[in-house]
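Notes follow once the structure below has been shown.
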Amino acid sequence: MNSLDKYDCAILAALQADATLSISGLSEKVGLSSTPCWKRVKRLEEEGYIESRVSIVNRHKVGLPVTVFVSVRTNEHDEKWLERFASAVIALPEVLEFHRMSGDVDYLLKVVTTDIDGYDRFYKKLIKTAQLSGVSSAFSMEQIKCTTALPLELISHGLPA
């Protein structure tokens, strides 16, 4: 359960859309005066609702047009193995996301790279990280939706449903 009200959610939604908003611009958008808005932003940061503020870089323009979803299977499931594997994968700059999964796949990685050769170089680094029983790659042909904005309209704001 979270302790967000409608103003907190409005602040979070506005900042997800544009993290460069000034406090006065943000307060105008959410219907609060500047000081209460600023206090709420500070509280949301302190309580960890706002983890960071970033700029989203166009991967195509910087030369990283290839996205690959990499499924990893292993026969190793002890904590020491996971610590080693996780540390190694986290250190690979191509990995944007790294998930431990349920089901047939043990781990799923979202990887960006320059081209097929770039992925091959990544693959060779990945298989050196730990004993893996299978690695499967699915290349994204087209990105249809991509957002970093969470669907805050799905939470109740403490109001009855």
Before anything else, pin down the relative contact order of the chain: Cα pairs under 8 Å, at least 6 apart, normalised by residue count, whole percent. 29
Please list, in chain and number order, the residues 5+ apart from residue 66 or on another chain whose amide H is under 5 Å from its amide H, with Hs placed from the backbone. 113
So what's the back-of-envelope 222 nm ellipticity for the chain, counting only DSSP H runs of four-plus at -39500 (n - 2.57) apiece and dividing by all residues, rounded to 500? -11000 deg cm²/dmol
In this structure, among 125/145; 39/80; 124/145, pairs with alpha-carbon gaps over 31 Å are 39/80
Computing the accessible area with a 1.4 Å probe over protein heavy atoms, can you report the carbon and sulfur percentage for the chain? 53
Under the 7 Å Cα-to-Cβ spin-label approximation, residue 55 and residue 156 lie apart by a distance in nanometres of 4.1
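Counting DSSP beta bridges with both partners in the chain, what percentage is antiparallel, nearest 5?
Working: 18 of 18 bridges.
Given both bridge residues lie in the chain, the antiparallel proportion sits at roughly 100 percent.
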Starting at the first residue of segment 25-37, write each ³J(HN,Hα) from the Karplus equation 6.51 cos²θ - 1.76 cosθ + 1.60 with θ = phi - 60°, in whole Hz, x for Gly and Pro. x, 5, 4, 5, 5, 9, x, 10, 6, 4, 5, x, 5
Considering the options 101, 155, 91, tell which one lies farthest towards the positive end of the dipole of the chain, charges being +1 on Lys and Arg and -1 on Asp and Glu at the Cβ, about the Cα centre. 91
Using θ = phi - 60° and the Karplus relation 6.51 cos²θ - 1.76 cosθ + 1.60, list the HN-Hα couplings for segment 101-111 in order, rounded to whole Hz, with x at every Gly or Pro. 10, 9, x, 6, 9, 7, 9, 10, 10, 9, 10
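List the GluC sites (Glu not before Pro) within segment 1-98 that DSSP assigns to loop and that have no more than 13 neighbouring Cβ atoms inside 10 Å. Kindly include the intermediate steps, with their values, before the conclusion.
Numbers: sites: 28, 45, 46, 47, 51, 76, 79, 83, 94, 97; in loops: 47, 51, 76, 94.
Those that pass, being in a loop and sparsely packed, are 47, 51.
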Per-residue SASA entry for residue 99, accessible area with 1.4 Å probe, Å² rounded to 10: 80
Which length gain, in nm to one decimal place, applies between residue 131 and residue 5 when the Cα-Cα distance is subtracted from 0.36 nm times their residue separation? 40.7 nm
Considering only protein heavy atoms, with the full assembly of protein chains and a 1.4 angstrom probe, order 67, 129, 35 by accessible area, largest first. 35, 129, 67
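The values are calculated or read from the model by the stated rules, or taken from the named source; none is laboratory data. Worth saying up front: this structure is predicted, and the values here are computed from it rather than measured. In this analysis, Cβ positions are derived from the backbone assuming ideal geometry, glycine residues included, and neighbour counts consider all displayed protein chains. Heads up: the accessible areas ignore ligands, DNA and RNA and are worked out on the full protein's heavy atoms, side chains in. Shrake-Rupley method; radii C 1.70, N 1.55, O 1.52, S 1.80 Å.
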